[in-house]
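*Asks:* Got a structure for you, written out below as structure tokens; questions coming shortly.
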Amino acid sequence: MAEETYPINVWINEERYAKLQEAGLADMAKEKLAGMKVLELRVTPEQKDEILKRFPMAKFDASTTKSIELLPREVKDKMLEVAIEKKSVGPDAMEEFLKIEEFSKKYAS
Amino acid sequence: MAYIGHGGKEIVERVMSPSEAKEKIKGLTSVEISNRAAYECIDLAYGFFTPLEGFMCKADVDAVCEKMTLADGTVWSIPIVFDIDSKEIEEKGIKVGDTILLTYTGNPLAILDVEEIYEYEKDKISQAVLGTTDEKHPGVRMVNRMKDRFIGGKITLVNQIKLNSPFDQFFYTPKQLRDKFAQLGWERIVAHQTRNVPHTGHEWLMKGAWFCSHGDAPVVDKDDNVRLGTGVLVSCIIGPKRTGDYIDEAILLAHQALHEGRYFREDVHMVSIALWHMRYAGPKEAIFHAILRANLGCTHHMFGRDHAGVGDYYETYGAHRIFDDLPEGALKLKPIRVLEWWYCPLCAEVTYSGLCGHSKERQKFSGTLIRSIIKDGVKPTRLIMRPEVFDAVMESADKYGFGTPFCTEEYLEKRQPVFEVPPLD
């Protein structure tokens, strides 16, 4: 049985869309909520806990969307960069992100 | 016109004229009070907490904790207490029978007639009202931070508060609101309590609640003119904020933008504020909110999932079920119990989870999700957040929020206060 994963929604603004297009990965973005584009990164339960520990301003929306929300914009920019490099939205991309020195400790935005 | 509030008691305003107040406060011992106590003085004095006319004495606190009633049996779920340090009582020689002057930001706000001075076990309050003594619960932290004595007694306002813009446009006393409802021709009023900027899920919650409250009442008069007589009262809770919350001004002005954008007819919707420090008591706070809105003249109150909850301390629909436990007639106001609305790509609309059968395809959204979208620099689609609401949020960010619609340390430190208490001239 596949492990349960949770989404981090990277909402695609103009800047982010340009980067995806440049990398030829615009198709990785899904359409959601009547026309918005989102890159849905998937994280494992352990990664979820680690992210919430490192980014205390973020919140796991347990009651409605079951997603990690309220991460700082610059953090999501970096997650997007890693996803583009790895050409992946799966936990393997998040594993790489969690190794980045700048985000390895508790983050104060 | 009689203004009858909760428990069948008349709404009493305890507000002194300036000339009488100036004489009355001469020589009184003064005590500087917190923001929470100031809000509660205002609420008590104008009848928001009818039948209470002052801070509770011990017998009422006991009854609230043990039976969810006042000592006289009227349903009530949250103790309203005035806390003070025993050292201050001793230093100032405060005793039963005294009248003390309560000051806020150094200026006279109210007088308190000291009927009782007592101690109370804080854990008893927390366990009974909040269902926990866990310090991680914000309501428990509030109770634990209260000082070591309570004073029970009647409150009278001795000064008029000055509400700052934009709050001044939205503050109504219970009597003023009831007069407004009469002016609008509203016979049925459903309260929508909020601490959030409205997305379309909220908008549809309000519209659904409007339908429930209107029920089988007529929609036209004998000449076929549309005559609805049912309204939504948006009641924005104004209280403590944390970083990451929406700023108060954005919440208020965004709801008003929904009104001015005519997503509701002018005669079925209005926006107001309620001054209250949330206890996050879940079901018991739902009862309290129902009482508060009954005092405002509402006939119905909408309750969604986990109303007034925090973390996972309460059952998801505990705030729905608690109303079934009330004795018949204990609360005049009717709860409107609602499920969530979601976006369905197959229905191509925001639709009610209780009716849409596309549970696999539906896309849920929440206030938290919308905040993330805005933080990411994306404008939500109009089906999710009305453009007028978004614009009001962004304008508030510039005007009041130091560049962001979300509370920051800078906002918390430098924001304009909701109201000021001027010197008593």
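*Asks:* What's the average, rounded to a whole number, of partner chain beta-carbon atoms within 10 Å of each residue's beta-carbon in A:26-36?
*Replies:* 5
*Asks:* How long are the semi-axes of the ellipsoid equivalent to chain B, from square roots of 5 times the Cα gyration tensor eigenvalues, in whole Å, largest first?
*Replies:* They are 36, 24, 23 Å, listed largest first.
*Asks:* Which angle from 0 to 90°, rounded to the nearest 10, does the C-alpha axis of helix B:283-295 make with the longest principal axis of chain B?
*Replies:* 80 degrees
*Asks:* Moving on to the next point. Where is the GNM fluctuation largest for chain B (alpha-carbon springs, 10 angstrom cutoff): B:LEU292, B:LEU28, B:LEU70?
*Replies:* B:LEU28
*Asks:* Simple spin-label model, 7 Å along Cα-to-Cβ: A:LYS53 to B:MET1 in nm?
*Replies:* In this crude spin-label approximation the distance works out to 6.0 nm.
*Asks:* Given H placed 1.01 Å from N in the peptide plane, which residues other than close sequence neighbours of B:CYS407 have an amide H under 5 Å from its amide H?
*Replies:* Amide H to amide H, under 5 Å and 5 or more residues apart or across chains, B:CYS407 pairs with B:GLY244, B:ASP245, B:TYR246, B:ILE247.
*Asks:* So, one more: Once a ≥ b ≥ c are taken as the square roots of the eigenvalues of the Cα gyration tensor of segment B:316-425, is the result rounded (a/c under 1.5), prolate (a/b larger than b/c) or oblate (a/b not larger than b/c)?
*Replies:* Note, shape of segment B:316-425 comes out oblate.
*Asks:* Among B:GLU40, B:GLU266, B:GLU91, determine the one that fluctuates most according to a GNM of chain B built with springs between C-alpha atoms less than 10 Å apart.
*Replies:* Comparing B:GLU40, B:GLU266, B:GLU91 in the GNM, the peak value goes to B:GLU91.
*Asks:* Next question, about the same structure. At most 16 other Cβ atoms within 10 Å and a DSSP loop assignment: could you name the trypsin sites (Lys or Arg not before Pro) in segment B:50-115 that fit?
*Replies:* Those satisfying the criteria are B:LYS95.
*Asks:* Which of the GluC sites (Glu not before Pro) across segment B:323-425 are loop residues per DSSP, with 13 or fewer other Cβ within 10 Å?
*Replies:* Here the sparse-neighbourhood loop sites are B:GLU328, B:GLU361.
*Asks:* Given a cut-off of 19 Å, name the pairs among A:LYS76/B:LYS364; B:LYS124/B:LYS334; B:LYS124/B:LYS147 whose C-alpha atoms lie farther apart than that in the structure shown.
*Replies:* A:LYS76/B:LYS364; B:LYS124/B:LYS334
*Asks:* Report, to the nearest 10°, how far helix B:200-214 tilts away from the longest principal axis of the Cα atoms in chain B, using its own Cα long axis and a range of 0 to 90°.
*Replies:* 80 degrees
*Asks:* Express in nm, to one decimal, how much length is gained between B:GLN127 and B:GLU420 on full extension, taking 0.36 nm for each residue of separation and deducting their alpha carbon distance.
*Replies:* Length difference between fully extended and current span is 102.0 nm.
*Asks:* If you don't mind, another one. Between rounded, prolate and oblate, where does segment B:36-126 land on the alpha carbon gyration tensor, with a ≥ b ≥ c its root eigenvalues, rounded for a/c under 1.5, else prolate if a/b exceeds b/c?
*Replies:* Because a/c hits 1.5 or more and a/b fails to exceed b/c, segment B:36-126 counts as oblate.
*Asks:* Which value, in debye to the nearest 20, gives the size of the charge dipole of chain B about its Cα centre, when Lys and Arg are +1 and Asp and Glu are -1 at the Cβ?
*Replies:* Magnitude of the dipole: close to 740 debye.
*Asks:* Next up: Given the rule -39500 (n - 2.57) for each run of at least 4 DSSP H residues, summed and divided by the residues of chain B, what is its mean residue ellipticity at 222 nm, to the nearest 500 deg cm²/dmol?
*Replies:* The helix-only estimate for chain B comes to -9000 deg cm²/dmol at 222 nm.
*Asks:* Further, regarding this structure: Do the alpha carbons of any pairs in B:LYS9/B:LYS67; A:LYS53/B:LYS136; B:LYS58/B:LYS241; B:LYS58/B:LYS284; A:LYS66/B:LYS399; B:LYS136/B:LYS399 sit beyond 27 Å of each other, and which pairs?
*Replies:* Beyond 27 Å between Cα atoms: B:LYS58/B:LYS241; A:LYS66/B:LYS399; B:LYS136/B:LYS399.
*Asks:* Next question, about the same structure. For chain A, set up a GNM with springs between Cα atoms under 10 Å and report which of A:LYS30, A:LYS53, A:LYS99 has the largest fluctuation.
*Replies:* So, out of A:LYS30, A:LYS53, A:LYS99, the one fluctuating most is A:LYS99.
*Asks:* If you don't mind, there's one more thing I want to ask. Given that compact globular proteins tend to follow 2.2 N^0.38 Å, what is the ratio of the alpha-carbon Rg of segment B:59-108 to that value?
*Replies:* Rg over 2.2 N^0.38 Å, computed on Cα atoms: 1.51.
*Asks:* In addition: Helix B:248-260 versus the longest principal axis of chain B: what angle, 0 to 90°, nearest 10, using Cα atoms?
*Replies:* 40 degrees
*Asks:* Something else about it: Can you give me the C-alpha center-to-center distance between segment A:70-109 and segment B:166-236, rounded to a whole angstrom?
*Replies:* 46 Å
*Asks:* What whole number of Å gives the distance from the Cα centroid of segment B:10-45 to the Cα centroid of segment B:77-114?
*Replies:* Using only Cα atoms to place each centre, the spacing works out to 11 Å.
*Asks:* Which lysines have a Cα less than 26 Å from the Cα of B:LYS24, not counting those fewer than 8 places away in the same chain?
*Replies:* Reachable lysines: B:LYS87, B:LYS92, B:LYS95, B:LYS154, B:LYS162, B:LYS175.
*Asks:* Is the shape of segment A:19-109 best called rounded, prolate or oblate, per the rule: a/c under 1.5 gives rounded, else a/b larger than b/c gives prolate, else oblate, with a ≥ b ≥ c the square roots of the Cα gyration tensor eigenvalues?
*Replies:* Because a/c hits 1.5 or more and a/b fails to exceed b/c, segment A:19-109 counts as oblate.
Each value in this text was obtained by applying a stated rule to the coordinates, not by laboratory testing. What you see is a predicted model, and the numbers here were worked out from it, not measured in a lab. Cβ: placed from backbone, ideal geometry, glycine included. Neighbour counts: every protein chain shown.
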